[in-house]
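The values are calculated or read from the model by the stated rules, or taken from the named source; none is laboratory data. Everything numeric here is computed off the predicted structure, so don't read it as measured data. Positions of Cβ are generated from backbone atoms using ideal geometry, with glycine treated the same way; all protein chains shown enter the neighbour counts. Accessible surface is based on the protein model in full, side chains and every heavy atom, while ligands, DNA and RNA are left aside. Shrake-Rupley method; radii C 1.70, N 1.55, O 1.52, S 1.80 Å.
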Amino acid sequence: MAILQEVPSVRVTVPGPCRLIDLKKGTVLAKWPELRWQEIQPGKLGLRIGPKEFSSTAVLFEVGAGTVFQVNAKPYRGILIVRRTAAGALTIIDHLDLEEYLVGALTSEVSASWPLESLKAHAVVSRTMVAHRIWIRRGEDFDVTADVSTHLYHGVSAERARTLRAVQETKGQVLAYEGELFSASFHANCGGHTEDAAELWEVKRRIPPLQGVEDPYCRNL
């Protein structure tokens with residue numbers, strides 16, 4: 001998941017031991033007992049981390065299991081990847097388990113106070129949408145972004161006990177039509193009728209789950 005794209009710099013904190021690894025070669029570039037508010041910028045040849053420049057254009061921060069790192073003071077789980085882009089900027093990627101991701105992703109989109117069954121339904125839809133993106137974007141640098149273009153994600157600060165339960169009680173469950181995943185996109189308000197997906201995006205075929213339907217619940221909101 002891309003946390004940030006095409007940014008000029010970023011500040012990273014890792015509150016424990018970490019290793020910096022060249023993503024392409026797999027070699028260890030540096031080791032630190034911890035990192036505190038280190039600025040990362042594009043360098044002349046690769047990436048500059050604090051006062052030191054590395055020739056690598058894509059690096060991975062390997063942290064201890066369960067370690068929560070920070071990107072611009074915002075906490076995240078998983079593995080942090082930083083790439084220098086062709087435009088000379090940075091793309092920041094968080095690589096983490098899908099089920100862990102969903103715990104924070106749910107309450108980035110909906111309220112944790114919703115009925116549990118609603119949260120469970122949303123967990124299934126979100127899991128389907130992300131799993132489909134992973135499938136169609138395999139081999140690319142990232143599959144989803146942390147903004148409304150795919151799925152909002154506010155990291156560890158959005159995790160709640162009720163969303164954890166909703167994710168755990170639906171673990172591995174996805175939506176499929178005739179045995180195949182589909183793009184289970186969602187929205188805040190449809191205005192009373194959803195649109196056929198084929199009217200918005202290029203789709204391989206029209207299937208019932210992606211056809212427009214009347215929705216009386218949105219009409220008066």
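Just a few scattered comments:
- Local net charge near residue 212, Cβ-Cβ under 12 Å (Lys/Arg +1, Asp/Glu -1): -4
- The label-point distance for residue 96 and residue 198, in a model that sets each label 7 Å from Cα toward Cβ, rounds to 3.8 nm.
- Taking a point 7 Å from the Cα of residue 118 along the Cα-to-Cβ direction, the residues of the range 139-169 with backbone N closer than 20 Å to it are 152-154, 158-169.
- Accessible area ranking (1.4 Å probe, heavy atoms, ligands and nucleic acids excluded), largest first, for 154, 132, 95: 95, 154, 132.
- Spin-label proximity, residue 137 to the range 1-29 - amide N less than 14 Å from point 7 Å beyond Cα toward beta carbon: 1-6
- Once C-alpha pairs closer than 8 Å and six or more residues apart are averaged by separation and normalised to the residue number of the chain, the relative contact order reads 17 percent.
- The magnitude of the dipole of the chain, with charges of +1 and -1 set on the Cβ of Lys/Arg and Asp/Glu and taken from the Cα centre, is near 880 debye.
- Solvent-accessible area of residue 135 with every protein chain in place, 1.4 Å probe, in Å² to the nearest 10: 90 Å²
- List 61, 186, ordered by accessible area with a 1.4 Å probe, largest first: 186, 61
- For the chain, the residue among 30, 135, 114 whose Cα projects farthest onto the positive side of the dipole built from Cβ charges is 30.
- Look at the dipole of the chain built from charges on Cβ: of 15, 152, 168, the Cα furthest out on the positive end belongs to 15.
- Cβ-defined net charge surrounding residue 135, 13 Å radius [Lys, Arg +1; Asp, Glu -1]: +2
- Cβ-based net charge around residue 1, under 9 Å, with every Lys or Arg adding one and every Asp or Glu removing one: -2
- Solvent-accessible ranking of 23, 45, 90, largest area first, probe 1.4 Å: 45, 23, 90
- Which labelled figure in [x] 58, 37, 33; [y] 65, 33, 29; [z] 53, 36, 30 is Cα extents along the principal axes in Å, once derived from the coordinates: [x]
- Label-point separation in nm, residue 154 to residue 206, each point 7 Å along Cα→Cβ: 3.9 nm
- Linear extension gain, residue 24 paired with residue 213, 0.36 nm per residue minus alpha-carbon span: 63.4 nm
- Dipole check for the range 11-109: with +1 at the C-beta of Lys and Arg, -1 at the C-beta of Asp and Glu, and the Cα centre as origin, the magnitude is about 560 Debye.
- Surface analysis of the range 1-77 yields an accessible area of 53 Å² per residue, using protein heavy atoms and a 1.4 Å probe.
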